[in-house]
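Everything on this sheet refers to the single structure shown next.
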């Protein structure tokens, strides 16, 4: 929910932009708001008639609990681990700080959700493609697994051939 002061400021910015010659829709788009929202605020005022709880959930983690989770995430023991590894390890020791999703949420909030291992993250590379412009220019091979009647037993068929253009 947007506060009254933020709504007022947004309306002033849109009004200022429209006086300067910009369209309201483009000005509201720059603010990240739909034009319909701006029109509703202009018509109805800043009153928010939505019904919803303004209370925080009773099981929400406190700042102290979040800091404790951050300390665990930054510790040398768990600095290379993901929350799906950390939470069960702590549970084996009889320690429960929060769920895996809470750990991931805190990582996102603190902007720490990145590659957490000392090695470089894997880079996905598209396979090389080859174009045959004449005969016998590009060769390829394949292994096909042929299942036998006995479960788990296979014949391996190796093949190679020339790709014709």
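Points to keep in mind about this one:
- Computed from Cα atoms alone, the Kirkwood hydrodynamic radius reported for region 4-44 is 9.9 Å.
- For the chain, built as a Gaussian network whose Cα springs stay under 10 Å, the top-fluctuating residue of 36, 108, 133: 133
- Across 93, 23, 105, mean-square fluctuation computed from a Gaussian network of the chain (C-alpha pairs under 10 Å connected) peaks at 23.
- With contacts taken as Cα pairs under 8 Å and at least 6 residues apart, the chain reaches a relative contact order of 12 percent.
- Cα gyration tensor shape for region 63-109, rounded if a/c is under 1.5, else prolate or oblate: rounded
- Spacing of the two label points (7 Å from each Cα toward its C-beta) at residue 40 and residue 138, in nm: 5.5 nm
- Residues residue 126 and residue 77, FRET efficiency given R0 of 45 Å [Cβ-Cβ distance, rounded to 0.05]: 0.75
- The fraction of all Cα pairs in region 27-82 landing in successive 5 Å bins from 0 to the largest distance is 4, 14, 11, 11, 10, 8, 11, 13, 10, 7, 2, 0, given as whole percents.
- Between 0 and 90°, nearest 10: helix 100-109 axis offset from the chain longest Cα axis: 60 degrees
- For the chain, the longest principal axis of the C-alpha atoms and the axis of helix 83-92 are separated by about 90°.
- Spin-label pair residue 54/residue 148, simplified geometry with 7 Å Cα→Cβ offset, distance in nm: 7.5 nm
- Between 96, 104, 145, the GNM of the chain built on Cα springs shorter than 10 angstrom shows 145 fluctuating the most.
- Rounded to the nearest 10 degrees, the inclination of helix 35-44 to the longest alpha-carbon principal axis of the chain is 20 degrees.
- P(r) weight above 23 Å for the chain, C-alpha pairs, percent: 71 percent
All of the numbers you see were taken from the coordinates with simple rules; none came from a lab. These numbers were taken from a predicted model, which means no experiment stands behind them. Methodologically, a virtual Cβ is constructed for each residue, glycine included, from the backbone with ideal geometry; neighbour enumeration extends over all protein chains shown.
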